[in-house]
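Quick note: the coordinates plus some simple rules give every number you see, no bench work behind them. This structure is a prediction, so every number in the text was calculated from the model and none was measured. Here the Cβ is made from the backbone with ideal geometry for all residues, glycine too, and neighbour counts use every protein chain on show.
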Amino acid sequence: MVLREIRTKPGQKFSKEAVIRTTREIAQLGNFDEQKTDVKPIPNPADGTVDIEYTVSEKPSDQIELSGGFGGGRIIGTLGLTFNNFSARNIFNGKAWTPLPKGDGQKLSIRGQTNGKFYQSYSFSFSEPWLGGKKPVNFGISAFTSLQSNGLSGADPNLQKIRMNGITFSLGQRLKWPDDYFQLVSSINLQQYVLRNYADRFLFSNGKSYNFNLTQQFSRNSVDAPIYPTSGSHLRFTVQLTPPYSLFNKINYVTATDQERYRYVEYHKWKFDAQWYQRIYGKLILKAQAQFGFLGSYNQAVGQSPFERFKLGGDGMQGFDFLQGSEIIGMRGYQNNSVIPVGSNPQIAQGSGSPIYNKYILELRHPITLSQQATVFVLAFAEGGNTWNNFKQFSPFNVRRSAGFGARIFLPIFGLLGLDYGYGFDSIPGISAANKGQFHFSIAQQMGGGF
C-alpha cells in the first residue's frame, strides 16, 4: 500500500518536491502516524546516487462506535465498525486474519442504530482506492435502510411511518490536469421513500417516491495532514442531477395529486465548499471555510423537490432526528435546523428544509497533543450562515452570526469527538430558544464536514 504512494522512483533525478509530496501522500492514507513518518536521504558520493529511506509507524486506524443515547423520548443504541485498512482479497486466507485481513487500504464500514420498533437504521459501505491494483481509481458501494414510525401495527389506520432505502455506486479518479491534486468522482444513486401519514417533514405525507440521480464531484485537496492540517486547501464543487421527467411524461402537474407529482423526484443541485489552512505562528493554525448550496427545479409547474434540501444549525449530526432526504449543515450557537428563512413558518421550514444556504467559518486552532495515541486540539471560532427560499431573497452577506470555543479529540478507535460552546447573536423569529448559548457534542464528524 505504501509503495503505491512513493513518487521517488529508482533511476529518477533527485527531487525534493517529490520527497515532500510522498510524505504528504503517506499521511493522507490515515494508517500511519504522521508525527513519526521520517525521510532520510543517503547519498553515495562514489557513483553520484542517493538512496531514500522512508520510515513509517503504523497506527491503529480501525474504529468502533458503541453508544447509548436519548432522543425522541427513548433510549437509542448504536453500534458501528469501521475498518480503514481492509483487504478483501484475503478474506478466505485464514493466515491473514489478525484479527481481520488488512493491508490493501480498503475501507469497510457497518453501522446500526435502533430503539426498537420506533426507529431502525442500518448502513454498509465499502471502498477500494486502487481498482485493478495499477492506477489510483477509487471504487465505492454503499447501501442503507431506515425506518421511523409511531410504533403502531401496519393494520392500524393511525400508523405513521417513513421508510427510506438507498444504494450508491461511485468511481473516482485522480487527475493530472490542472495538477495531480485534483480528483473527479462520479456516482449513481437510487433512493426510495415510503411514507404513510408522515406530515410536516416533506411536501407530501403518503405514497412512494423515487430519487434516481447522477452526481459529479470535482475537487482539489492539498492539505498536508488529514487530522490536524497546517497548510493547504480543500476545494469541492458538486453537481447532482435527476432526469427531467416532466419534460417527457404526460402528467398535468397543475391538477396532479401528490403521488403523481412526487413519484419520481426531479431537481438539480449545486454545492461548493472551500477550506484553507494557514500557519499563523508556531503551531497556531487559521482555518477559513466557505460553503454554498442551491437546489433548483426544471419545471415551475412541478415545483421544488421535497427531498435534498438543506437544514442549517446545530451540531450537524444526522442522529435520531431522522431528517432523511435532507442535507444537515452544522452551525454552532443555534439549535439543530433552526436557521430558517426570514418570514417562514417555523414548523414547516424546520421540517422540510430550505433550497438555498451559505455559511462562512473562521477558526483558530492550537494542538494540545499530536501523537499516535490521540490528537487533541482546542479552537476558537466565528461563523455566519443563512438559508433562503429563492434567489430573489438571496443575500450572501445577510447572515446569522455566532462565535465560541471548543475542543477536538481524535482517538484512533473512536474517530473524532468534539465539544463546542457557541453563542448565536441573532434571534430566529418564531423559535425563541434557537440562539444564544448552545453546547454542541459531535462524534465521528468528518474534518471537512459541518465544522
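Points worth noting:
- The C-alpha atoms of the stretch 61-195 occupy a region whose extents along the principal axes are 57, 39, 26 Å, arranged from largest to smallest.
- Taking the fewest neighbouring Cβ atoms within 10 Å as the starting point, the ordered list for 179, 258 is 179, 258.
- Dipole magnitude of the chain, debye to nearest 20 (Cβ charges: Lys/Arg +1, Asp/Glu -1, about Cα centre): 420 debye
- Proximal aspartates and glutamates to residue 59, defined as alpha-carbon separation beneath 17 angstrom and excluding residues fewer than eight positions away on the same chain: 25, 33, 34, 38, 104
- Summing Lys and Arg as +1 and Asp and Glu as -1 over all other residues whose Cβ lies under 14 Å from the Cβ of residue 428 gives a net charge of +3.
- For the stretch 1-59, the spread of Cα coordinates along the three principal axes comes to 38, 17, 16 Å, biggest extent given first.
- Angle in degrees between helix 16-28 and the longest Cα principal axis of the chain, rounded to the nearest 10: 50 degrees
- Proximal aspartates and glutamates relative to residue 287, as straight alpha-carbon distance under 19 Å, when same-chain residues fewer than 8 apart are discounted: 224, 273, 315, 363, 383, 420
- Listed by chain and number, the aspartates and glutamates whose C-alpha is less than 15 Å from the C-alpha of residue 208, apart from same-chain residues fewer than 8 away, are 258, 260, 266.
- As a proxy for reagent exposure, ranking 57, 121 by other Cβ atoms within 10 Å from fewest up yields 57, 121.
- Answer label for mean projected area of the Cα convex hull in nm² (calculated), chosen among (1) 21.1; (2) 23.1; (3) 25.8: (3)
- Cβ-based net charge around residue 10, under 15 Å, with every Lys or Arg adding one and every Asp or Glu removing one: 0
- Taking the charge dipole of the chain about its Cα centre, with +1 at Lys and Arg Cβ atoms and -1 at Asp and Glu Cβ atoms, the residue from 206, 120, 82 reaching farthest to the positive side is 206.
- Theoretical ellipticity at 222 nm over the chain - DSSP helices of four or more residues, -39500 (n - 2.57) apiece, nearest 500: -1500 deg cm²/dmol
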